[in-house]
Every structure is written in C-alpha cells, then in structure tokens.
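Bear in mind that the values in this text are calculations on the coordinates, not laboratory data. Predicted, not measured: the structure shown is a model, and the values here were computed from it. Backbone-built Cβ (ideal geometry, glycine too); neighbour counts: all protein chains shown.
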Amino acid sequence: MSTERNDPELVYLDNAATSWPKPPCVAEAMRRFLDKTGANPGRSGHRLSIAASRMVYSAREAIAELFNAPDPLRVAFGLNVTDSLNQALHGLLHPGQHVITSGMEHNSVMRPLRVLEARGVAMTVLPCAADGSLDPADVEAAIRPETRMIVVNHASNVCGTIQPLKPLGEIARRHNLLLLADTAQSAGAVPIDMQADLIDLLAFTGHKSLYGPTGTGGLVLGERVDEAELIPLRQGGTGSHSEHDEHPPFLPDLLESGTPNTVGLAGLGASVRWVLQKGVAAIRDEEQALVSPLLAGLQETPGVKVYGPGAGKGRTATISLNIEDMATSEAGLRLDEEFGILCRVGLHCAPAAHRTLGTFPAGALRFGLGIFNTPQDVTRVLAAVRILAGGR
Ligand SMILES: Cc1ncc(COP(=O)(O)O)c(C=O)c1O
C-alpha cells in the first residue's frame, strides 16, 4: 500500500486535521535553521542567538501581517491553538463572570470552558441553525451584566460553516466584552483582519491552513486586551528580566516561557510568508473552485446526505456527509483501503457541532480539502462515493 502523498494512488482529504503536503519552503527553512543557526533565541547574546531571535521575530511579523495585528509583539507563540485557547480562557475568565459560546465549538473551547464552569464561571452555549450558523442577535440577547467574553469557532471543523466575526465584534464593543476567535480552520483559508473584524483575541494553529509544522500556534492580542489582566498559564525563563524572580509583565514574554519550538517557528515563518505571497483570497478561490463541483456531485448522489452550508461565501473547504445505512467507520476504511482516499470519520473532537447538525453520536465522514488538492482528486472522490453509495 502506498503511504506517500506523491504517489498518484493517494488523495489526501484530511487537511482539516492537519494539512499535507507542506510547501517545500517549510522543510527547507527548518533544515536551514537546524544546520546554520541552531541557537536559542533571546537567551545568549552571541551571533547565532541573535540570528535565532531575528528568525522568531520575522515569524511574528509574518503572523501580524497576515491577521493585521496591531503590533508583532502582541503575537504570543504557543504549542497550537488548543494551548492558546486555554491561555485566553483560563487567563481572563474568573469565577462570577459569564462567557457566551456557540453550539458549534471544538472541544478545545468546550473542555476548558467546562473546567471553568466547574470553578464558577457561568457559560451559555447558544444553539446554531441546522447549517451551523450562529445568529448574532441571540448572542446579544444572552448578555448579562457579568458577561466578560464571547468565544466562537470562526470556521467549523466539521462542516465548514463560517461565522461572520464583525457583527459579534460590534456586539462585544457595545457591551464592553472581549471577542475570542478560534481560527484553527480559517487562518490562511479565509481572509481575516483583526482590526476590521473587531477581534480582540485570535487563537491560531500553525499546522492546518497555514501549512506550517505541528507544534506551532499562538494567541494574537488586540489593543483592547489589557495584558496586566491576563494570567499566564506558565511562568519561567524568558531570557528577559533575568535579575527578577517575578515573571516579566510585558508581551510577548508574559505568555512565552521556556525555550520555544524554534525549528517549528522557522517552518511557520516560511509557511506564512508562502501564504501571504499566494494571497489568502486567491487560496480561498482555488479551494472553492474544488468545493463547488464536489458539493454539487455529492448532493446529487442518491443515498448521500451532506451537512452544513451550500457552496459559496459561508463555508470553507471542509465537507461532512454520510452514506445511508453505512457506518462512517466502514465508509472511511473502504475509501482508504479500496480507493486510496484519506479522510476523517467520527465526531472530529466536536460533539457539540455534531449535536447541532443532528449527526451525534454516529458522526460523519469529513473531506477536508486543501490547496494541494486537484480537480482530478474531486473526480476520484465522487466516483468512489458513488460506488460506495450505490454498490451495496
Ligand atoms: C476548530 C478547531 N479548534 C481547535 C482545534 C485544535 O487544534 P490543535 O490540535 O492544533 O490545537 C481544531 C483542530 O482540529 C479545530 O478544528
């Protein structure tokens, strides 16, 4: 059995879990860093340490440019979006406060919120429509005097629904709340402008549609977030203020204790520059050019049920479906073994979203397309699904 993407046998449709392949510049940048620089950034002051610091800063600048962040120093790198969401939620929400979220969240939001709830933070989970969309009017109606934050999944990892952030940002500003966006599935795939979209906290992961390596991600803080109110999840060495036992209060050091994933950041800097060069709008257009025929073909296949929004502005390139009377696990296994099509089945770490879509507990089959998929992939996938749906 082939296990390499370049083998024409395989169609990789698991980009919503992690994108693959990566642009060649990513591995090149990582290798170059390991071979030529290697040192610890912000620590030692010698030329290689300074080169490493410059590389990390340049990755910060690339992220700031991508999201139109107010300042590269308000980009705090972390392990992944889960880490950064935990940082934002645990760092800012306290017992007695209230947080509003949606019925489309990933467990990376839901689970930290449930822990906070057990500690006395009240939470409201707003139901979404059958296509996964959240009505901003429901958000405004749920606000209480003690509400502190709205947290939403920008793009669903299950069915691709995009929540418009700006109306939520306007509500947040009207009521003096913070808006936290989980951009795991949208960063690099949907144009995001933190300042125009009124996002206060933007959590991202490097390894999905930013096409970077795993183990990279971060939290970008807008100007309305007062870092003095943000409790860091970790304290420790930062290379700064070494004369003090106390952790530095300034960004990004406040949120970046310990040696970072420097090799990963070399790859992330390269991948984000690659995304910037291609242009997020162009990436989105290319992906939508595959999504439209795939969705249309699936929708007209008897025995196939597709979830989420139709083709167009309101969705990413992630599609969920079920084949009538076939367990998702069987469909996924047969797509892999008989057709070389790799996708993800089940609940996708988002049981709340599956409840909203009516696919809990059985789950769904998910096709997560990426920039390296082709029209030929779409043709092969449609042919395979037609066989599975018809040939039983
Ligand atoms: C919407 C959403 N949030 C959070 C995550 C968690 O991402 P990571 O594992 O990179 O922290 C994912 C990944 O599947 C996701 O799709």
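Numerical summary
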| quantity | calculated |
| --- | --- |
| Partners for Lys22 among lysines (Cα-Cα distance below 30 Å; same-chain residues under 8 apart left out) | Lys36, Lys208, Lys278, Lys313 |
| Most to least packed among 330-341, 70-81 [average Cβ atoms within 10 Å] | 70-81, 330-341 |
| Total formal charge among the other residues, if their Cβ is under 10 angstrom from that of Arg173, Lys/Arg +1 and Asp/Glu -1 | 0 |
| For the chain, Kirkwood radius (reciprocal of mean inverse C-alpha pair distance, Å) | 21.6 |
| Degrees separating the helix 375-390 axis from the principal Cα axis of the chain, which is the longest one | 50 |
| Top of Pro145, Pro21, Pro302 by mean-square fluctuation, Gaussian network on the chain, Cα under 10 Å | Pro145 |
| Calculated from backbone phi, Karplus (6.51, -1.76, 1.60) coupling profile of region 214-223 in Hz, x at Gly/Pro | 5, x, 10, x, x, 10, 10, 9, x, 6 |
| Coil-residue chymotrypsin sites (Phe, Trp or Tyr not before Pro) of region 168-254, DSSP, other Cβ within 10 Å capped at 12 | Phe250 |
| FRET efficiency, 1/(1 + (r/R0)^6) with R0 51 Å, evaluated for Arg234 and Glu337 via beta carbons | 0.75 |
| Where only alpha carbons of region 51-158 are counted, the Rg and the Dmax (Å) | 16.2, 51 |
| Where a label projected 7 Å from the Cα of Thr259 along Cα→Cβ would reach, residues of region 53-70 with amide N under 16 Å | 53, 56 |
| Other-chain or far-sequence residues with amide H under 5 Å of Ser102's (modelled H) | Leu126, Asn153 |
| Rounded if a/c under 1.5, otherwise prolate or oblate - region 351-392, Cα gyration tensor axes | oblate |
| ³J(HN,Hα) computed for each position of region 86-101 - Karplus, 6.51 cos²θ - 1.76 cosθ + 1.60, integer Hz, glycine/proline x | 4, 4, 5, 6, 5, x, 10, 9, 10, x, x, 8, 10, 10, 10, 9 |
| Extreme residue, positive dipole direction of region 24-278, given options Val263, Gly169, Leu202 (C-beta unit charges) | Val263 |
| Magnitude of the charge dipole, region 24-278, Cβ model with Lys/Arg +1 and Asp/Glu -1, debye to 20 | 740 |
| Alpha carbon centroid spacing (whole Å) that separates region 312-385 from region 104-159 | 25 |
| Rounded, prolate or oblate (a/c below 1.5 giving rounded, otherwise prolate when a/b exceeds b/c) for region 260-392 by Cα gyration tensor | prolate |
| Karplus-derived HN-Hα couplings along region 342-347 (A = 6.51, B = -1.76, C = 1.60, θ = phi - 60°), whole Hz, x at Gly and Pro | 9, 9, 10, 10, x, 9 |
| Gyration tensor verdict on region 98-179 (Cα atoms; rounded if a/c is under 1.5, prolate if a/b is larger than b/c, oblate otherwise) | oblate |
